[in-house]
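Structure, as C-alpha cells:
The values are calculated or read from the model by the stated rules, or taken from the named source; none is laboratory data. Keep in mind the model is a prediction, meaning the values are calculated, not measured. Note that we place each Cβ from the backbone using ideal geometry, even for glycine, and neighbour counts take in every protein chain shown. SASA here: full protein model, heavy atoms, side chains in, ligands and nucleic acids out. Shrake-Rupley method; radii C 1.70, N 1.55, O 1.52, S 1.80 Å.
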Amino acid sequence: MAEALILGAGSDMAVAIARRLAERKVNLVLAGRDMELLSDLRADLEIRYGVGVRLVYFDALDYASHRSFYSELGSPSITVCAFGYLGDQDKGMEDWLEAERILATNFTGAVSILNIVAADYMQRGSGMIVGISSVAGDRGRGSNYLYGSAKAGFTAYLSGLRNRAFKKGVTVITVKPGFAATRMTAHLNLPPALTASPEQVATAVVKGMDRKQNTVYVKGLWKWMMLVIGMIPENVFKKLSL
C-alpha cells in the first residue's frame, strides 16, 4: 500500500488532501507542529477510512533537523508540501523578522526538505512530489510581493526539479490554488467565483496526481487570468492597484 508524507499537515488544504488520499486507502505520515490537532486528525482518518496514520513533528524552519526527520520515515512514496505563510506585507516592509518568516516558510523551508526528499526519490528511481505554490508567484503585485516572490521562487524550484527528476522516474507537480478559503485567508474578502474550498483543492490535487500533470490550476480561470496579467506591459502594470 502506498504511503504519503504530508508536510504542514495541519493546514486546511492539507487536511482535505489527507482525507482524499485516505479515501483511496493511502497510508499517511502527518508532519507538522501542532501535534494535538494532528492527533485528532489521525484518530478520525483511522476510524473513518481504515488506513495507517503516523504522526511526526516537523518544523519547516528548523533546517538542521530536516535530514534526520526524513531519514526516520522509511521513504514514503508520495510527498505533499503543503505548508505556507501569507504574512503581512505592510508589516514585512518594516519588520525584517516578518519578511524573513514569509520568505523562509514559503521558499527556503520547502527547498530544504524537498532537496532531501528528491535526492532519495531520484536514487530510487520512483516517487511523486506535490508542491502547493500560488498564482501570486506568477507576477509580483504591490499588495503581496513578499509572499509572491517566495512563491515565484518555489514555482521555479519545482519546475527545475521536475526537469531534473523526470529523467530519474520521479514526478513533480506544481499546484496553484488561486484564492483559497482557509484559516490563513479568513480575514480577506475573497471573490467567490475565484475562490476554491480546501475540498476543491484536494480534488484537483488528486486528479493531478492521477494524470501526473506538471502544473495544476485548481480553478482553470486562473490560468488564463494570469496569462493576461503577465502580458500587461510593465509601464502600464506599475500604475495598477493590485
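Could I have the simple spin-label model distance between LYS168 and ASN214, label points 7 Å from Cα toward Cβ, reported in nm to one decimal?
Output for this residue pair reads 2.0 nm.
For GLU94 and LEU37, what does the FRET efficiency come to when R0 = 51 Å and r is the distance between their Cβ atoms, rounded to the nearest 0.05?
0.95
Tell me, in nm to one decimal, what length is gained between SER159 and GLU46 on full extension, where the rule is 0.36 nm per residue of separation less the Cα-Cα distance?
37.2 nm
Excluding residues on the same chain fewer than 8 positions from LYS238, give the lysines whose Cα lies under 28 Å from its Cα.
Cross-link targets: LYS91, LYS151, LYS176, LYS219, LYS223.
Kindly express, to the nearest 10 degrees and within the range 0 to 90, the angle between helix 221-231's C-alpha long axis and the longest C-alpha principal axis of the chain.
Here the helix axis deviates by roughly 40 degrees.
Taking Cα pairs under 8 Å and at least six residues apart, what relative contact order does the chain come out at, in percent?
On the way: 430 pairs, mean separation 43.4, N = 242.
For the chain, the relative contact order is 18 percent.
For the chain, which whole percent of the accessible surface, found with a 1.4 angstrom probe, sits on carbon and sulfur atoms?
54
Quick check on the chain: helices-only [θ] at 222 nm, where DSSP H runs of length 4 and up contribute -39,500 (n - 2.57) each and the sum goes over total residues. Nearest 500, please.
-14500 deg cm²/dmol, from helical runs alone.
Can you list the residues, at least 5 places off or on another chain, whose amide H is less than 5 Å from the amide H of ILE173, using H built in the peptide plane?
ILE129, VAL130, GLY131
Give the longest segment of the chain that steers clear of trypsin sites (Lys or Arg not before Pro) in DSSP loops with at most 10 neighbouring Cβ atoms within 10 Å, not counting the sites themselves. It would help to have the intermediate numbers written out before the result.
Details: sites that count: LYS167, LYS238, LYS239.
Longest stretch, sites excluded: 1-166.
Mind sorting out which of (1) 51, 45, 31; (2) 70, 44, 37; (3) 53, 39, 36 is the real Cα extents along the principal axes in Å computed from the coordinates?
Among (1) 51, 45, 31; (2) 70, 44, 37; (3) 53, 39, 36, the one derived from this structure is (3).
Write down the accessible area per residue of the chain in Å², having rolled a 1.4 Å probe over the full set of protein chains.
49
Could you size up the charge dipole of the range 69-166 around its Cα centre, putting +1 on the beta carbon of Lys and Arg and -1 on that of Asp and Glu, and report it in debye to the nearest 20?
480
Would you list, by chain and number, the lysines whose Cα falls below 18 Å from the Cα of LYS167, excluding same-chain residues fewer than 8 positions away?
LYS212
Only four residue types carry charge here, +1 at the Cβ of Lys and Arg and -1 at the Cβ of Asp and Glu. Report the dipole size of the range 1-139 about the Cα centre in Debye, rounded to the nearest 20.
On the way: 13 positive and 19 negative charges, 154 e Å.
It works out to roughly 740 debye.
Once you charge only the Cβ atoms, +1 for Lys and Arg and -1 for Asp and Glu, what is the size of the charge dipole of the chain about its Cα centre, to the nearest 20 debye?
It comes to approximately 1140 debye.
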